[in-house]
Structures are given as C-alpha cells and as structure tokens.
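The structure appears below as structure tokens.
The values are calculated or read from the model by the stated rules, or taken from the named source; none is laboratory data. Since the model is a prediction, treat every value here as computed from it, not as a measurement. FYI the Cβ positions are ideal-geometry reconstructions off the backbone, even for glycines, and counts take in every protein chain you see.
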C-alpha cells in the first residue's frame with residue numbers, strides 16, 4: 001500500500017535555502033496583454049537575486065515595467081519537489097551612471113562571479129550578456145510535495 005503525497009508550504013528559511021542552492025530560474029514579466037517567461041542564471045544572497053542578461057526585448061520591457069515574478073524548482077520525482085516564487089522589482093544598475101549605480105553594478109558582478117568566476121571579463125563564456133541585474137525580493141512563497149512512502 002502507498003500513501004498519498006503530502007503537499008505543504010515552505011517557510012522562509014526553506015525558500016531561501018532552495019534559492020541559494022539552485023542557479024537556474026525563470027523570470028516572468030508582463031507587457032500589455034502578454035506574459036513572457038525566460039530562463040536565467042542567478043545567484044541568491046542577502047534577500048536579492050543577482051544575474052545577467054543581454055540587451056533585447058526583455059530589457060526594453062522591464063525598463064518601463066520592472067515588476068517581476070521569479071520561480072525556482074527542484075524536482076526529484078513526480079511527488080518529490082520544492083518550488084519557490086518570488087515577486088519583486090528588477091533593476092539594471094548602470095556601470096557608467098551615478099556612484100550608487102556603479103557600486104550596485106560592481107556588487108552584482110561580484111555576486112554573479114561566485115557562479116561564473118570569469119563573468120564580465122576577457123574569458124567570459126557568454127560575453128554578450130553584458131547587463132547585470134538585481135531583484136530585491138519583496139515577497140517569497142514556497143510549496144513542496146513529498147511522497148508518503150510505503151506502508
């Protein structure tokens with residue numbers, strides 16, 4: 001006999017732990033009557049998500065509509081998974097802007113280099129991704145499923 005799966009809410013510490021151990025998430029954003037979602041590499045630290053991207057439609061839209069949702073999953077089996085959804089505001093600090101922007105850009109680069117040490121330098125594996133971004137986490141929710149195990 002098998003047990004039914006258990007679905008439950010993750011507390012903040014479990015959500016943060018999942019964000020910290022994963023490095024690929026999905027960024028969702030809207031513009032008019034269209035919702036889009038794109039996979040991105042990221043680093044989570046101190047209540048912020050740090051990542052990088054390149055110029056394009058997403059950046060143009062987010063510059064005017066910066067409110068986003070961000071999702072990360074860890075899936076081991078059909079009823080063995082954890083998922084976190086973050087809501088917040090994305091910023092693209094300008095490395096040539098104000099002192100505060102330069103500082104934010106440098107910090108975002110430093111954080112992202114914990115994932116890709118050569119990011120933003122001559123040996124960068126994805127040099128077209130020249131924009132750093134920061135998402136300040138404003139809301140965070142998580143859910144999980146676990147199998148009940150065998151009786």
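Check whether at least one residue in region 91-102 is within 16 Å of the chain's Cα centre (by Cα), within 19 Å of residue 120 (Cβ to Cβ) and free of Cβ contacts under 8 Å to residues at least 60 places away in the same chain, and report yes or no.
yes
In this structure, does residue 147 turn out to be within 23 Å of residue 10 (Cβ to Cβ), surrounded by 15 or more Cβ atoms within 10 Å (Cβ to Cβ), at pLDDT below 95 and touching a strand residue (DSSP E or B) at 6+ places or on another chain (Cβ under 7 Å)? If you could, list the steps in order and put the result at the bottom.
Working: within 23 Å of residue 10 (Cβ to Cβ): yes; surrounded by 15 or more Cβ atoms within 10 Å (Cβ to Cβ): yes; at pLDDT below 95: yes; touching a strand residue (DSSP E or B) at 6+ places or on another chain (Cβ under 7 Å): yes.
Considered against the rule, which asks whether it is within 23 Å of residue 10 (Cβ to Cβ), surrounded by 15 or more Cβ atoms within 10 Å (Cβ to Cβ), at pLDDT below 95 and touching a strand residue (DSSP E or B) at 6+ places or on another chain (Cβ under 7 Å), residue 147 comes out as yes.
Look at region 84-107 and say how many of its residues are loosely packed, with under 12 Cβ neighbours inside 10 Å and within 21 Å of residue 41 (Cβ to Cβ).
Result for region 84-107: 0.
Being modelled with pLDDT of 95 or more, under 17 Å from residue 129 (Cβ atoms) and either in contact with a strand residue (DSSP E or B) (Cβ under 9 Å, 6 or more places away or on another chain) or not in a strand (DSSP E or B) (or both), is that true of even one residue in region 10-23? Break it down into steps so the answer makes sense when it comes.
Keep residues of region 10-23 that are modelled with pLDDT of 95 or more, which gives 10-23.
Subset that is under 17 Å from residue 129 (Cβ atoms): 23.
Next, from what is left, pick out any that are either in contact with a strand residue (DSSP E or B) (Cβ under 9 Å, 6 or more places away or on another chain) or not in a strand (DSSP E or B) (or both): 23.
Yes: region 10-23 contains one or more residues that are modelled with pLDDT of 95 or more, under 17 Å from residue 129 (Cβ atoms) and either in contact with a strand residue (DSSP E or B) (Cβ under 9 Å, 6 or more places away or on another chain) or not in a strand (DSSP E or B) (or both).
Please find, within region 50-83, the residue that is surrounded by the fewest Cβ atoms within 10 Å (Cβ to Cβ) out of those that are farther than 26 Å from residue 103 by Cα and in contact with a helix residue (DSSP H, G or I) (Cβ under 7 Å, 6 or more places away or on another chain).
74
Against the condition touching a residue at least 12 places away in the same chain (Cβ under 8 Å) and assigned to a strand (DSSP E or B), how does residue 38 come out, does it pass?
yes
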